[in-house]
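Right, one structure below, let's go through it.
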Amino acid sequence: MDKKLLRVVDVNFNRSKEALRVVEDVFRFILENDNLRKETRSLRHALDKITENKILKDAVLSRDSVSDLGKKTDALEFNRKTIDDIIYANLQRAKESIRVLEEFFKIISGSQVKLLKRIRYDIYSLEKKFTSLREGRHV
């Protein structure tokens, strides 16, 4: 399989897992909301089902973090001023990276696409629950 295609898979898998971990830790340690923490943890672990796929193991072997063009810190990353900004940015990162995985898995392993799409839609729901909570509304 094309090494460049595998690099896209590797980086987006890592990005989605890392983003969900940030959100989970905010829910756990700062907001102390166990329901949202458990939901986020469940989504993060649902992504692990993809790691059972040999393609992801090959993707790790195609990793080239030394010469990655996007490894420098982007100025936009310093725009976060509040905890809500951190959660919002990381939920966006998770949704976007999972969408990339969905598209590439259509080419390399169609059987994973439904799982990825479900996870992405579950993140949409998680985002709505968080936003409703912060605005004092109940979903």
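Counting helices only, and only those DSSP H runs with n ≥ 4, report the 222 nm mean residue ellipticity of the chain as the sum of -39,500 (n - 2.57) divided by its residues, in deg cm²/dmol to the nearest 500.
Rounded to the nearest 500, it is -24000 deg cm²/dmol.
What does the highest-first list of 40-47, 55-62 look like by mean Cβ count within 10 Å?
In decreasing order of mean packing, 40-47, 55-62 become 40-47, 55-62.
Starting at the first residue of the stretch 96-105, write each ³J(HN,Hα) from the Karplus equation 6.51 cos²θ - 1.76 cosθ + 1.60 with θ = phi - 60°, in whole Hz, x for Gly and Pro.
These are the phi-based 3J(HN,Hα) values: 5, 5, 5, 4, 4, 4, 3, 5, 6, 6 Hz.
For a Förster distance of 22 Å, can you work out the FRET efficiency between the beta-carbons of residue 18 and residue 106, rounded to the nearest 0.05?
0.40
For the stretch 1-41 and the stretch 96-121, compute the distance between their C-alpha centroids and round to whole Å.
Cα centres, the stretch 1-41 to the stretch 96-121: 15 Å.
Which whole-number percent gives the relative contact order of the stretch 17-139, counting Cα pairs below 8 Å spaced six or more residues apart?
Contact order relative to length: 28 percent.
Given R₀ = 22 Å, FRET efficiency for residue 5-residue 48 by Cβ-Cβ distance, to 0.05?
Efficiency, rounded to the nearest 0.05: 0.55.
Can you tell which of 21, 99, 118 shows the greatest fluctuation in a Gaussian network model of the chain with Cα springs below 10 Å?
Of 21, 99, 118, the Gaussian network model singles out 118 as fluctuating most.
Mind listing the phi-derived Karplus ³J(HN,Hα) values for the stretch 124-133, rounded to whole Hz, using 6.51, -1.76 and 1.60 with θ = phi - 60°, and x for any glycine or proline?
4, 5, 4, 4, 5, 4, 5, 4, 5, 4
Using only Cα atoms, find the angle between the long axis of helix 34-51 and the longest principal axis of the chain, and express it within 0 to 90 degrees, rounded to the nearest 10.
Helix 34-51 sits roughly 0 degrees off the main axis of the chain.
To the nearest 10 degrees, how steeply does helix 3-25 sit against the main Cα axis of the chain, on a 0 to 90 scale?
Helix 3-25 and the main axis of the chain meet at about 20 degrees.
Which residue, 119, 107, 83, tops the fluctuation ranking in a GNM of the chain built on C-alpha contacts under 10 Å?
Its mean-square fluctuation being the largest, the pick is 107.
Laboratory data are not the source of any read-out in this text; all were calculated from the coordinates shown. Computed from a prediction, not measured in an experiment: that's the story for all the values here. Cβ atoms come from the backbone with ideal geometry, glycine included; neighbour counts cover every protein chain shown.
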